[in-house]
1. Could you list the GluC sites (Glu not before Pro) in the range 29-90 that lie in coil according to DSSP, counting only those with at most 15 other Cβ atoms within 10 Å of their Cβ?
2. With Kirkwood's inverse mean 1/r over C-alpha pairs for Rh, give me the Rg to Rh ratio of the range 60-157, two decimals please.
3. Take the eigenvalues of the Cα gyration tensor for the range 1-117, scale each by 5, and report the square roots as semi-axes in whole Å, largest first.
4. What FRET efficiency would be calculated for the residue pair L80, E118, taking the C-beta separation as r and a Förster radius of 22 Å, to the nearest 0.05?
5. Given a 1.4 Å probe and the protein chains all in place, what does the accessible area of S98 round to, in Å² to the nearest 10?
6. Using only the alpha-carbon atoms of the chain as identical scatterers, what base-10 log of I(q)/I(0) does the Debye formula give at q = 0.09, 0.13, 0.15 Å⁻¹?
7. Where in the chain lies the longest segment free of trypsin sites (Lys or Arg not before Pro) that are both loop residues by DSSP (not H, G, I, E, B) and have at most 15 other Cβ atoms within 10 Å?
8. Please report, in debye to the nearest 20, how large the charge dipole of the chain is about its Cα centre when each Lys and Arg carries +1 at its beta carbon and each Asp and Glu carries -1 there.
Amino acid sequence: MAWGIYLNMEYLSTKVANEHIDKMTNTNYTDYSFVDENAFCNNLENGFVCLTLLNCYFESLLNTILNSCMNCESEKLLRLNIEEKIDLIFLYYKKDFSDIKSRNEWNIYRQLTRIRNELIHLKITFIGDGTDIPPITFGNMNLIDYFTQENMVKCKENVINLAKLIADKLELCIYEEIGTFASDGRDGLVNYIYDPKTTPIDSSRFNN
């Protein structure tokens, strides 16, 4: 007998993001306040991967809501941008996103998205003159100060908290224990985020 197999990019994204955060350090400067190029290159490389994966996490979450909770299979709707997807989701659930939009979690997400986008779509390679690496400002942030282990941990935690705020607002549940792959032949929980009102769950395994 064959079972349905599901891929959970939310779990995979945070797992890989954590692996890259672990490779980072908390300073990009030498003891003499010059930029430590080796340290900064390491933190920029791993931090850039982390931001990209956090964007993947959040968009995957929205796509799972659309596809699995709202049963939306329209390719056109699944290709909407992030804010359009949020508007569609909150319209469907008849909820207001404005209070979440005013919170710090949303602002941090928007900032990291802007920095990630400016890195991906880099227009000008010249960053300045000097005997040291000058400040590199994207999204009103100096990347030399932004890409540290401590800040990437905060970014990750804030994006996950944003997901939880959305789940709570929509009365959905997040299954944090799910893995990269899940099978519907077990307990019915196959997605990172799900609607408890419509998801058939075998609760016996949770009573042991």
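1. Passing sites in the range 29-90 are E73.
2. 1.09
3. They are 34, 20, 10 Å, listed from largest to smallest.
4. So the FRET efficiency works out to roughly 0.50.
5. 70
6. Debye output, listed in q order: -0.43, -0.80, -0.99.
7. 124-185
8. It works out to roughly 600 debye.
The values are calculated or read from the model by the stated rules, or taken from the named source; none is laboratory data. These numbers come from a predicted model, not from an experiment. Glycine gets a Cβ as well: all are built from the backbone with ideal geometry, and neighbour counts include every protein chain shown. With ligands, DNA and RNA removed, areas are computed over all heavy atoms of the protein, side chains included. Shrake-Rupley method; radii C 1.70, N 1.55, O 1.52, S 1.80 Å.
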